[in-house]
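Please treat every number below as a calculation from the coordinates, not as lab data. Small disclaimer: the values here were computed from a predicted structure and weren't measured. Here the Cβ is made from the backbone with ideal geometry for all residues, glycine too, and neighbour counts use every protein chain on show.
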Amino acid sequence: MSFPFLLNEVGAYINKKSNILETHRQLIIDIVKPALHIEYLQNETQSSESVQSKIGGKPLVSNEMSELLKKDSDWVFIFQLDFSNFNIYSDLLNLPSEGMISVFMKAYLVTDKYYLNPLEYKCFFAQDLVHVDKDYNSKVSIKENEMIFKEWLSIPDDEDPFWEPIEDENDDFGYDVYEHMQDAIASICNIHDYNSSHVGGYDAAVQSSVLYDFAGRDLIDLPVTQKEYWEQFQVRWQEIKMLSKTYVLLCQIDTLNSISNLSNYLDGVIYIGIKKEDLKNRNFTRLKLVVQNT
């Protein structure tokens, strides 16, 4: 299949199945974005040098990453995303055709059990990854899961302003429109598992849009664990809304719905974001990481 084919199928579904959607057919077609759904394949040998997009295992590292891991054993390798694994979609998704994002978090001990701290993270983008760090042996052992990418279509969250013209005309927008669209996309793309891991597209937020979180952490120089951060978040809400429009989602990883044991140490969805201008200029030095959970 291809994205144009999938999009045509959405149009055909609207024409045949839903009078409600037909009125706003072009609006819906215009807001659907291509994305890549991530599924997982467990590597029984624990770590493979040939697997480049993956959760856990031993990381492929640059010299800078290698030095970080040598200096501080609290850093834990979470996942790496190799853009060359899906470079046939680079132009469509507005992503680089090569290079790799690697994500690390710090482990901390609570009553004899280690957890991962999403507020202490490192996101690297590198094209000079030189070797698998065979000496990597962290305090938290995350089983290796290979990422498998499948064509998928992404729509905004049901509370997104994109939907307002349709929502204003339908008393039961959530059921009559949004759930129908979700079911149609699942059927068209033949992806039915409840797993919100994907590359590109819209953020599938657990709470409110993660773009607000990216913007808030950009504007407010306080730990999000402090009450003062959220007080500032409310005071500066209009600024945050405006700044959020400058961000875009790169990828999100659902820890609960992978087959890895990552959820034993971190409960929720990991989101990686970047400013649109930085993405255009291929500047990956200011990536934002946020975790949302219920």
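Scanning segment 191-228 for residues that are more than 28 Å from I101 (Cα to Cα) and either in contact with a Leu (Cβ under 9 Å, 6 or more places away or on another chain) or of a type in the set (S, T, Y) (or both) returns a single hit, E228.
Screening segment 200-247 for residues that are within 26 Å of V32 (Cα to Cα) and of a type in the set (V, I, T) and picking the one that is surrounded by the fewest Cβ atoms within 10 Å (Cβ to Cβ) gives T246.
Selection within segment 150-168: residues that are surrounded by 18 or more Cβ atoms within 10 Å (Cβ to Cβ) and within 20 Å of the chain's Cα centre (by Cα). The member of this set that is farthest from N8 (Cα to Cα) is P156. The residues in segment 69-101 that are part of a strand (DSSP E or B) and crowded, with 20+ Cβ neighbours inside 10 Å can be counted, and the count is 9. Within segment 266-294, residues that are touching a residue at least 60 places away in the same chain (Cβ under 8 Å) and more than 16 Å from Y115 (Cα to Cα) have Cβ atoms under 7 Å from residues that are among the basic types (K, R) and part of a strand (DSSP E or B) in these pairs: G273/K288, counting only partners at least 6 apart in sequence or on another chain. Scoring K134 on the criteria (1) in a helix (DSSP H, G or I); (2) in contact (Cβ under 8 Å) with a residue 12 or more places away in the chain leaves a single failure, condition (1).
Within segment 102-112, can one find any residue that is out of contact with any helix residue (DSSP H, G or I) (no Cβ under 7 Å at 6 or more places or on another chain), free of Cβ contacts under 8 Å to residues at least 12 places away in the same chain, surrounded by fewer than 17 Cβ atoms within 10 Å (Cβ to Cβ) and aromatic (F, W, Y)? Looking through segment 102-112, none of the residues is out of contact with any helix residue (DSSP H, G or I) (no Cβ under 7 Å at 6 or more places or on another chain), free of Cβ contacts under 8 Å to residues at least 12 places away in the same chain, surrounded by fewer than 17 Cβ atoms within 10 Å (Cβ to Cβ) and aromatic (F, W, Y). Can you tell me which residue is farthest from V32 (Cα to Cα) among those in segment 169-199 that are of a type in the set (D, E, K, R) and within 22 Å of the chain's Cα centre (by Cα)? Residue satisfying both the conditions and the ranking: D193. Among the criteria (1) of a type outside the set (G, A, S); (2) without any contact (Cβ under 8 Å) to a residue 12 or more places away in the chain; (3) within 25 Å of P161 (Cβ to Cβ), the one Q226 does not fulfil is (3).
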